[in-house]
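So the structure is just underneath, and the comments pick up after that.
Read the figures in this text as sums done on the coordinates, not as results from a lab. Keep in mind that this is a model prediction, so the values were computed, not measured. Here Cβ is always computed from backbone atoms with ideal geometry, including for glycine, and neighbour counts include all displayed protein chains.
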Amino acid sequence: MMDDEQLLHAYARARSESAFGELVARHVDFVYSAALRVVNGDSHLAQDVAQTVFIDLARKAGSVPRDVALPGWLMTSAGYFAKMTLPLALICIGGTLTLEALRERNGMALSSSLMKMVWLPLVATLGAWACGLRGPELGILFLYFASPTAAASFVMARAVNANAQLAAAIIVITTLIAALTINLGLLLLRWLGWI
């Protein structure tokens with residue numbers, strides 16, 4: 001049985017698909033679980049990260065130093081790729097969103113954003129207060145429901161061929177509205193003496 005270094009060398013030298021397949025089979029679960037931790041449990045994103053790590057390994061097979069332990073190299077690469085997912089999603093959102101698209105979807109994006117940023121936190125906070133929740137716990141619950149739409153929703157919308165431009169518009173609008181609604185909500189909760 002060949003070790004990792006021998007398999008990688010066989011792939012780099014002769015492009016042996018069986019050698020590379022053996023490397024992937026040995027380490028894919030490890031790389032996937034490492035990526036899954038960094039991307040907060042998003043299994044689809046972790047699969048993409050794992051695939052990217054092995055594509056990168058295939059490209060760099062000839063240049064990986066022989067004294068480097070392959071699991072360590074794979075773990076480092078998985079960490080780098082997983083940490084790049086959010087900044088790349090934000091860049092994609094910026095590249096996708098245009099003023100024209102924002103104007104076209106203004107009604108739907110604005111109504112969805114107001115539902116997310118005003119009505120949802122209001123109903124959830126009032127419901128929690130009615131159930132007896134007070135103090136910091138109520139404030140944390142309010143912040144949870146008043147948070148803007150996650151940038152990952154753009155990635156997910158794009159992955160399933162949904163309306164990625166609408167998702168981008170909602171992310172931008174909720175992020176902008178959050179500066180106002182979160183501060184006003186916390187001020188109101190404090191003024192009422194609930195937190």
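Before moving on, here are some points about what is shown:
- Counting Lys and Arg as +1 and Asp and Glu as -1 over every other residue whose Cβ lies under 14 Å from the Cβ of F54, the net charge comes to -3.
- Charge tally in the Cβ shell below 15 Å around N40, where Lys, Arg are +1 and Asp, Glu are -1, N40 excluded: 0
- Per residue Cα convex hull volume in Å³ - calculated over the stretch 97-191: 97
- Here is the tail figure for the stretch 4-85: Cα pairs spaced more than 14 Å apart come to 57 percent of all pairs.
- In sequence order, the stretch 6-19 has phi-based couplings of 5, 5, 5, 5, 5, 5, 5, 7, 10, 6, 6, 5, 5, 5 Hz under the Karplus curve 6.51 cos²θ - 1.76 cosθ + 1.60, θ = phi - 60°, and Gly or Pro positions carry x.
- Here the relative contact order of the chain, from alpha carbon pairs under 8 Å that lie six or more residues apart, stands at 19 percent.
- Tail fraction, Cα-Cα pairs, the chain, threshold 31 Å, whole percent: 42
- Charge sum, other residues only, whose C-beta stays under 13 Å from M1's C-beta, Lys/Arg counted +1 and Asp/Glu -1: -3
- Remark: the stretch 158-164, residue by residue, has Karplus-estimated 3J(HN,Hα) of 5, 5, 9, 6, 8, 7, 5 Hz, where x stands for each Gly or Pro and the curve is 6.51 cos²θ - 1.76 cosθ + 1.60 at θ = phi - 60°.
- Close amide H pairs (under 5 Å, H built 1.01 Å from N) link S16 with Y11, residues at least 5 positions away or on another chain.
- Most mobile listed residue (L120, L74, L36) in the chain, GNM with C-alpha springs under 10 Å: L120
- Counting only the Cα atoms, the stretch 40-80 fills a convex hull of 61 Å³ per residue.
- Sequentially through the stretch 26-41, phi angles give Karplus couplings (6.51, -1.76, 1.60; θ = phi - 60°) of 5, 10, 5, 5, 4, 5, 4, 5, 5, 5, 4, 5, 6, 8, 6, x Hz, Gly and Pro residues having no value and appearing as x.
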